[in-house]
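The values are calculated or read from the model by the stated rules, or taken from the named source; none is laboratory data. Note that this is a predicted model, so its numbers are computed, not measured. Cβ placement follows ideal geometry from the backbone for every residue including glycine, while neighbour counts extend to all protein chains displayed. With ligands, DNA and RNA removed, areas are computed over all heavy atoms of the protein, side chains included. Shrake-Rupley method; radii C 1.70, N 1.55, O 1.52, S 1.80 Å.
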Amino acid sequence: TLGDLLYLQDASGGIALADVMETGLAVGTAVEVTGILSLRGKEPLLQVLTLDQEDAPPYFHTPVTGSYSRIMDNSLHGGQLVRVEGEVVSTNQENGVLSEFLLRSADGRYATVTIGSTIRSPATGKNTLADTVRPGREVRAIGILYLREDGVAAVRVRNCDEVSLLSSWPYADTPNADPTNPPTGDPSGTALAAVILSLAALLLHGKRKKEG
């Protein structure tokens with residue numbers, strides 16, 4: 001979950017969900033969704049009409065990896081879980097809390113990583129990434145690829161523990177994990193359920209069985 005949005009992913013792709021009334025949904029839960037396809041800024045999303053949990057075991061997606069040119073292509077991986085790593089070039093803070101940073105890969109490409117105001121570490125309940133994510137350091141981040149309002153593809157961090165120094169990876173599972181915001185210690189990194197719908201019709205009622 002990311003603030004007021006949930007993200008769903010299946011084998012065909014991923015999408016954001018809005019207007020989800022259900023609470024307590026755990027990452028990896030299989031669901032069936034009916035909704036209206038629309039846009040929030042530049043980002044496609046499904047305005048949920050109904051959401052039913054399926055009787056199926058949790059499923060955890062593995063983040064997409066590779067070159068930035070592949071990972072950061074929203075037409076390929078928008079709404080999906082991705083992993084980027086590289087050198088921190090710059091950072092932005094809001095009230096002393098890290099809200100965004102820019103990574104540069106070994107081949108000179110760039111990836112923007114954003115951390116929403118509600119995102120925290122499940123172990124501490126805080127966002128202390130400003131203490132470790134600094135220019136010149138090598139960092140790895142896992143999150144959801146999305147389009148910002150300015151049309152730039154960026155990685156939206158789901159969990160502060162999914163950002164770490166490359167020198168500290170792999171690391172032990174984070175204690176006291178919040179099941180709605182689990183640590184990257186999970187072999188899958190994180191899991192979300194998702195659906196891909198035709199973007200040709202922005203008022204399309206769709207019903208798909210999701211796998212989380």
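Here are some notes:
- For the range 57-107, a residue qualifies if it is hydroxyl-bearing (Ser, Thr, Tyr) and farther than 22 Å from Asn127 by Cα, and the qualifying residues are Tyr59, Thr62, Thr65, Ser67, Tyr68, Ser69, Ser75, Ser105.
- Residues that are among the β-branched types (Val, Ile, Thr) and more than 14 Å from Gly79 (Cα to Cα), drawn from the range 15-45: Val20, Thr23, Val27, Thr29, Val31, Val33, Thr34, Ile36
- Identity of the residue in the range 119-160, outside any strand (DSSP E or B) and within 19 Å of Arg40 (Cα to Cα), that ends up least open to solvent (accessible area, probe 1.4 Å): Arg158
- Conditions (1) within 27 Å of Glu32 (Cβ to Cβ); (2) aliphatic (A, V, I, L, M); (3) in contact (Cβ under 8 Å) with a residue 24 or more places away in the chain; (4) outside any loop (DSSP other than H, G, I, E, B): number failed by Leu103: (1)
- For the range 106-116, taking the residues that are open to solvent by less than 50 Å² (accessible area, probe 1.4 Å), in contact with a Gly (Cβ under 9 Å, 6 or more places away or on another chain) and in a loop (DSSP other than H, G, I, E, B), the one that is nearest to Asp131 (Cα to Cα) is identified as Ile115.
- Scanning the range 84-96 for residues that are open to solvent by less than 70 Å² (accessible area, probe 1.4 Å) and either without any contact (Cβ under 8 Å) to a residue 24 or more places away in the chain or assigned to a strand (DSSP E or B) (or both) yields a count of 7.
- Qualifying residue in the range 167-183 (condition: in a helix (DSSP H, G or I) and either of a type outside the set (Val, Ile, Thr) or at pLDDT 90 or above (or both)): yes
- Per this entry, Leu102 is counted among residues that are under 17 Å from Val133 (Cβ atoms), touching a Ser or Thr at 6+ places or on another chain (Cβ under 7 Å) and of a type outside the set (Asp, Glu).
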